[in-house]
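Colleague: Take a look at this one; I'll ask things after.
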Amino acid sequence: MPAPAAADPHAGHVMPASAPTAVHADPAGHGAHAPPPAPAAGGERKVLYWYDPMVPDQHFDKPGKSPFMDMQLVPRYADEVAGSGVRIDAGVQHNLGIRTAAVELGTLTRSLRVPGTLGWSLRDETLVSARVDGIVSELYVKTPFQAVARGERLLALLSPELNSARAEAQALAGAQSAAARELRAAAQQRLRVLGASGAGGAHGVVLSAPRAGVASEILVREGQSVSAGTPLMRLNDPAVLWLEAAVPQADAGLLAAGTPVQASVDALPGERFEGTLDALLPQVDPASRTQRARIVLRNPQGRLAPGMFAQVRIESRGTRPLPLIPSEALIATGDDSRVIVRAADGSFVPVRVRTGRSSEGRTEVLAGLAGGEQVVVSGQFLIDSEASLTGALQRLAAPAPAADAQP
């Protein structure tokens, strides 16, 4: 004959004699934790809820048969979940290979690699133009990218207005009277305004280079007639170049002006060129969803040339210290993220965290940790499963309303 049903003195409900009892099973199968001690004679254990061991997240407000499995629900007693953590024997921890790491305060450095193209620095560019009407009588710099020094002759310009100003300055050069000296200063000023140094010859007034560099563009030829405002020559400084890099939109917020940059080109393998992030331009490519970053790159030996393709490495560092954890310690779910922290009493407690950036195996923690804690980096998923069984995870969130069990 079947055994008679036994009354559950703790819950006030009748349970079959074969109903399962709540046991803390070792999630890895290395053995079971001892059940909680029985209450003293005359004591009463309080039942918090009933649950199906196969679906521990679902709670029921009364005993009965599980709607998920063909088995009776198991009670969860208050003395079983009095603590907020999970306790594991030291021997079991060793067998499971549970390891912890300290939470450190620091700033995370992230290395970003993006492509870029070299170009002239527009801050170091000078456009030489005609300030009066005239004819280019002679070019002293005839080939593009020819190096020029400051004050070097660029071209000669025949112009009646320039010739008149030059003749006036030469006539007043030997004047001795005070009035003549004032006129001489005015004549020299007029020559400077017209872009001439005062020197000239049979070919006209000579225009000289206002700065050192290379003549990146020669826009006129000998014998060409020009009017005031016509560009004649473009001078650039090859010692400093601009590098236009394409930064993914998701990473653009990590960059700031002054960030150090390293660049390399295929033409010079193994060499690194230092530079600085000058500005993140307010322009996004709608096709690639990348934002342009302007980088000032030093080129003292002139080995780099505009138009070269470069690989750019940008290292961004956080602005304030934050708790940093090993990325492997993070338990990420669809709803939230958490870590397992070893408490001062040796128990393991799940803690919800809000994370930031990740780089080189470490992750920023924006909320949830303060620094100095010990987080589990190996075996945390086993502890997380045990925490789910003991209800520790449920206490991280507001309790859900109990569901009705099948009678």
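Colleague: Quick one: D266 ticks every box in (1) more than 30 Å from I218 (Cβ to Cβ); (2) in contact (Cβ under 8 Å) with a residue 24 or more places away in the chain; (3) among the charged types (D, E, K, R) except a single one, so which number is it?
Modeller: (1)
Colleague: Those residues that are surrounded by fewer than 16 Cβ atoms within 10 Å (Cβ to Cβ), under 28 Å from V365 (Cβ atoms) and at pLDDT below 80, I need them from the range 95-109; list them, please.
Modeller: G97, T107, T109
Colleague: What is the number of the single condition among (1) in contact with a Pro (Cβ under 9 Å, 6 or more places away or on another chain); (2) in the same structural domain as P160 (by TED's automatic domain parsing); (3) touching a residue at least 40 places away in the same chain (Cβ under 8 Å) that A246 does not meet?
Modeller: Here A246 meets the rest and fails (2).
Colleague: Might you let me know whether the range 123-137 holds any residue that is closer than 30 Å to V377 by Cα, out of contact with any His (no Cβ under 6 Å at 6 or more places or on another chain) and of a type in the set (D, E)? Lay out the reasoning, then the answer.
Modeller: Kept after step one, since they are closer than 30 Å to V377 by Cα, are these residues of the range 123-137: none.
Checked the range 123-137: no residue is closer than 30 Å to V377 by Cα, out of contact with any His (no Cβ under 6 Å at 6 or more places or on another chain) and of a type in the set (D, E).
Colleague: Over 17 Å from I218 (Cβ atoms), in contact with a strand residue (DSSP E or B) (Cβ under 6 Å, 6 or more places away or on another chain) and surrounded by 13 or more Cβ atoms within 10 Å (Cβ to Cβ): which single residue out of S159, S129 fits that description?
Modeller: Details: S129 fails: over 17 Å from I218 (Cβ atoms).
Step by step, each of S159, S129 is checked, and only S159 is over 17 Å from I218 (Cβ atoms), in contact with a strand residue (DSSP E or B) (Cβ under 6 Å, 6 or more places away or on another chain) and surrounded by 13 or more Cβ atoms within 10 Å (Cβ to Cβ).
Colleague: Might you check whether a residue that is outside any strand (DSSP E or B) and modelled with pLDDT under 90 occurs anywhere in the range 240-249?
Modeller: Checking the range 240-249: at least one residue is outside any strand (DSSP E or B) and modelled with pLDDT under 90.
Colleague: If you go through the range 202-224, how many residues are over 13 Å from V148 (Cβ atoms), in a loop (DSSP other than H, G, I, E, B) and not hydrophobic (A, V, I, L, M, F, W, C)?
Modeller: Going through the range 202-224 one residue at a time, the tally reaches 5.
Colleague: Taking the stated definitions as given, is D79 at pLDDT below 75, among the charged types (D, E, K, R) and surrounded by fewer than 19 Cβ atoms within 10 Å (Cβ to Cβ)? Break it down stepwise before answering.
Modeller: Values: at pLDDT below 75: yes; among the charged types (D, E, K, R): yes; surrounded by fewer than 19 Cβ atoms within 10 Å (Cβ to Cβ): yes.
Yes: the conditions hold for D79.
Colleague: With the range 259-345 as the region, which strands (runs of 3 or more DSSP E) entirely inside it contain at least 1 residues that are over 30 Å from V103 (Cβ atoms)?
Modeller: Ranges flagged: 260-265, 273-285, 290-298, 309-317.
Colleague: Taking the conditions exactly as written (out of contact with any Phe, Trp or Tyr (no Cβ under 7 Å at 6 or more places or on another chain), more than 20 Å from Q262 (Cβ to Cβ) and at pLDDT below 80), does G361 satisfy them or not? Break it down into steps so the answer makes sense when it comes.
Modeller: Details: out of contact with any Phe, Trp or Tyr (no Cβ under 7 Å at 6 or more places or on another chain): yes; more than 20 Å from Q262 (Cβ to Cβ): yes; at pLDDT below 80: no.
Spelling it out, it is not the case that G361 is out of contact with any Phe, Trp or Tyr (no Cβ under 7 Å at 6 or more places or on another chain), more than 20 Å from Q262 (Cβ to Cβ) and at pLDDT below 80.
Colleague: Checking the condition at positive phi and more than 56 Å from the chain's Cα centre (by Cα), which residue from G151, G213, G204, G174 passes?
Modeller: G204
Colleague: Is it the case that some residue within the range 251-259 is over 30 Å from E364 (Cβ atoms), of a type in the set (G, A, S) and at pLDDT below 85? I'd like the intermediate steps shown before the answer.
Modeller: Step one: list which residues in the range 251-259 are over 30 Å from E364 (Cβ atoms), which gives none.
Scanning the range 251-259 turns up no residue that is over 30 Å from E364 (Cβ atoms), of a type in the set (G, A, S) and at pLDDT below 85.
Colleague: Sticking with this structure for a sec: Mind checking which residues of the range 46-71 are acidic (D, E) and surrounded by 15 or more Cβ atoms within 10 Å (Cβ to Cβ)?
Modeller: The first filter runs over the range 46-71 and keeps only residues acidic (D, E), leaving 52, 57, 61, 70.
The one that is acidic (D, E) and surrounded by 15 or more Cβ atoms within 10 Å (Cβ to Cβ): D52.
Colleague: All but one of (1) surrounded by fewer than 18 Cβ atoms within 10 Å (Cβ to Cβ); (2) under 15 Å from the mean Cα position of the chain (by Cα) hold for I314, so report the exception by its number.
Modeller: Every condition holds for I314 apart from (1).
Colleague: Can you confirm whether A175 is at pLDDT below 75 and either touching a Ser or Thr at 6+ places or on another chain (Cβ under 6 Å) or outside the structural domain of T355 (by TED's automatic domain parsing) (or both)? Let's see the steps before the verdict.
Modeller: Numbers: at pLDDT below 75: yes; either touching a Ser or Thr at 6+ places or on another chain (Cβ under 6 Å) or outside the structural domain of T355 (by TED's automatic domain parsing) (or both): yes.
Judged against the criteria, A175 is a match.
Colleague: Can you tell me which condition L155 does not meet? The list is (1) in contact with an Asp or Glu (Cβ under 8 Å, 6 or more places away or on another chain); (2) under 30 Å from D278 (Cα atoms), and all the others hold.
Modeller: (2)
The values are calculated or read from the model by the stated rules, or taken from the named source; none is laboratory data. Remember, it's a predicted structure, so these values are computed and weren't measured experimentally. Glycine also receives a Cβ, built like all others from the backbone with ideal geometry; neighbour counts cover every protein chain displayed.
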